[in-house]
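Working notes, structure below.
The values are calculated or read from the model by the stated rules, or taken from the named source; none is laboratory data. Bear in mind the structure is a predicted one, so any value in this text is a computation, not a measurement. A quick note on method: Cβ atoms are made from the backbone with ideal geometry, for glycine too, and the neighbour counts reach across all protein chains shown.
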Amino acid sequence: MNVRQSFFLSGILATALRLAAAESFAIEKARQEVERLKELAAIGAVSRARLEQAREKLADARDEETLHRLVYGNIGVESLSEQQAREIIDAASRRVERTARLYQVQAALVDQGVLPRAQLQDLEQQLADRRLGLQLAENRARTFTELLNMVRVEEQFLASPEADIEPPPLVEKFGGSGVFKPEHLRFVEAAFEKQFGHPLPVSARGQSALHTSLGFDHAGRVDVGVNPDDPEGQWLRQQLQSLRVPYIALRAMIPGQSTAPHIHIGPPSLRLRSADQQLSGGLN
Ligand SMILES: [Zn+2]
């Protein structure tokens, strides 16, 4: 699934699942129930198991809220952080596991003739829904990883105060006039749409949470998810050259990672000074 399809899918889901506002209410209710049962369990008025059940329900409500916020919500995939991308998969997995456990218990009771078989239908449906939710979370995390890889490839081309370093052959750097203005982007976006009948596939517009978390100043820069050698990429490079707008065409593949070819428009990214420490950790 590419970035555009993923946005499209999220849009549909946002409409279908406009329950987010009720979510925090569900958490609050579940939390109050845990508090109530905790007191009762302390004096032996209810069983530990009952309290445990209430805790599970609270955890489930929290996971649901996480998914509504980060998978079905209006948040763009480029605004996710690496941690959030992991969170959504964890939350969706836990929701599948909880229902699967419950299903096992109930199925055993049905087999023993304690419960009617019809009792399982709701749980079956819930399990199917939650598995779909996990699939969507994984798609979203995968799209995020593709964006992350684009940013990581760019890391090698941070503007450096030293003399120009010769870029590796897989990368083509065009300096142009050194200036990239919003008007340039507007012009290119309009021309692209006219040429190809769909919008320019921008994967990162200016500074994003992702760039910030990785310590990049990406303000005033734009990433376009086209392969530099595909017709769209070739056309885009030609346009930028005629406008003398600087760009970096990245055909590079990071060893061990999925490829992330794209065109970065604007001057190379600068490193955010405040994030230096963060950077020395997670990258490479
Ligand atoms: Zn970029």
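Suppose the filter is touching a Leu at 6+ places or on another chain (Cβ under 8 Å), farther than 30 Å from ALA219 by Cβ and not basic (Lys, Arg); does ALA91 pass it? Taking the combined requirement at face value, the residue satisfies it.
Just the residues that are among the aromatic types (Phe, Trp, Tyr) and either modelled with pLDDT under 85 or touching a Gly at 6+ places or on another chain (Cβ under 8 Å) (or both), please, taken from region 227-278. Give the steps one after another, and end with the answer.
Pass one, region 227-278, residues among the aromatic types (Phe, Trp, Tyr): 235, 247.
Of everything in region 227-278, just one residue is among the aromatic types (Phe, Trp, Tyr) and either modelled with pLDDT under 85 or touching a Gly at 6+ places or on another chain (Cβ under 8 Å) (or both), namely TYR247.
Of the residues LEU148, LEU158, LEU200, which is within 16 Å of the ligand (Cβ to nearest atom) and modelled with pLDDT of 95 or more? I'd like the intermediate steps shown before the answer.
Working: LEU148 fails: modelled with pLDDT of 95 or more; LEU158 fails: modelled with pLDDT of 95 or more.
Only one candidate passes the filter, namely LEU200.
Among the residues making up region 79-138, those that are more than 24 Å from the chain's Cα centre (by Cα) and among the hydrophobic types (A, V, I, L, M, F, W, C) are ALA100, LEU102, VAL105, ALA107, ALA108, LEU109, VAL110, VAL114, LEU115, ALA118, LEU120, LEU123.
Counting the residues of region 25-72 that are outside any helix (DSSP H, G or I), surrounded by 13 or more Cβ atoms within 10 Å (Cβ to Cβ) and β-branched (Val, Ile, Thr) gives 2.
Restricting attention to region 209-224, the residues that are within 10 Å of the ligand (Cβ to nearest atom), in contact with a Ser or Thr (Cβ under 6 Å, 6 or more places away or on another chain) and either more than 14 Å from HIS262 (Cβ to Cβ) or not in a loop (DSSP other than H, G, I, E, B) (or both) total 2.
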